[in-house]
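Encoded as structure tokens, the structure appears first; notes follow it.
Values quoted throughout were computed directly from the atomic coordinates according to the rules given, and no laboratory measurement underlies them. Bear in mind that the values here come from a model prediction, so they are computed numbers and not experimental data. Cβ placement follows ideal geometry from the backbone for every residue including glycine, while neighbour counts extend to all protein chains displayed.
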Amino acid sequence: MNIEFLGRNFAVSDRVRTHTEEKLERVLKFLDEPIEAHVTLETKKHQHTAEIHLAHRHGKVHTEETSLQMMESINTAIDKAEKQARRAKKKFQDKRRRGAVARDETPHWPVDVVDPQSLRDGAGERRIIKSSRIQIKPMSLEEAALQLDGSRSEFVVFRDAETDLVSVLYRRNDDHFGLISPEF
């Protein structure tokens, strides 16, 4: 991160610099790199103004605050910048989530059922009996077990809500369940 300080009728001391940099660290956790910060500190008569511009990958944050003390102006401006950054991050995340729902990015996997006789014959060409698409929903292991228990299907493909990995829960021949989950 690059922070540029500018003082207008105000001498920017090391104490003010370090205080501002420490306070800006709170804001930076909500913004994506690269971040460029411009801090302008100005004094007119008895009013101290702190103006903060933060440019990051997804936009800009701008705040300006005036008070009787420079440190108070800096603290209030950084608090406002933190609120704006938090709101911008939430808006960006919500936009991505809404976009995924609008585009229906819930994965659908094609499932083909192959005739076992065509595999045994060794003819080289497999005959597909049935083809369908499975929608993969996020759910816990318990929810997947309840769904499999209440259906006639032999398996359930789901996205594990805890690990966010695609897993398969299947019914075994001994009426118990088996779980297939990827290992990375």
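Quick notes
- When Arg86, Arg172, Arg152 are sorted by how many other C-beta atoms sit within 10 angstrom of their C-beta, beginning with the fewest, the order is Arg152, Arg172, Arg86.
- Around Ile180: net Lys/Arg minus Asp/Glu count, Cβ-Cβ under 12 Å: -1
- Seen from all directions on average, region 1-60 presents a Cα convex hull projection of 4.2 nm².
- Viscosity 0.890 mPa s, temperature 25 °C, Stokes-Einstein D of region 2-102 from Kirkwood C-alpha radius, µm²/s: 173
- Protection proxy ranking, highest mean first, for peptides 44-57, 72-85, 134-147: 72-85, 44-57, 134-147, where packing is the per-residue count of other beta-carbon atoms within 10 Å, averaged.
- Extending 7 Å from the Cα toward the beta-carbon at both Ser132 and His46 defines two label points whose distance is 7.9 nm.
- Point-to-point label distance, Leu165-Ser67, nm (Cα→Cβ direction, 7 Å offset): 5.0
- Full extension of the chain between Lys89 and Ala145 yields a length gain of 16.6 nm, computed as 0.36 nm times the residue separation minus the alpha carbon distance.
- Modelled label reach - His38, point 7 Å along Cα→Cβ, region 55-85 residues with backbone N closer than 13 Å: 55-56, 60-63
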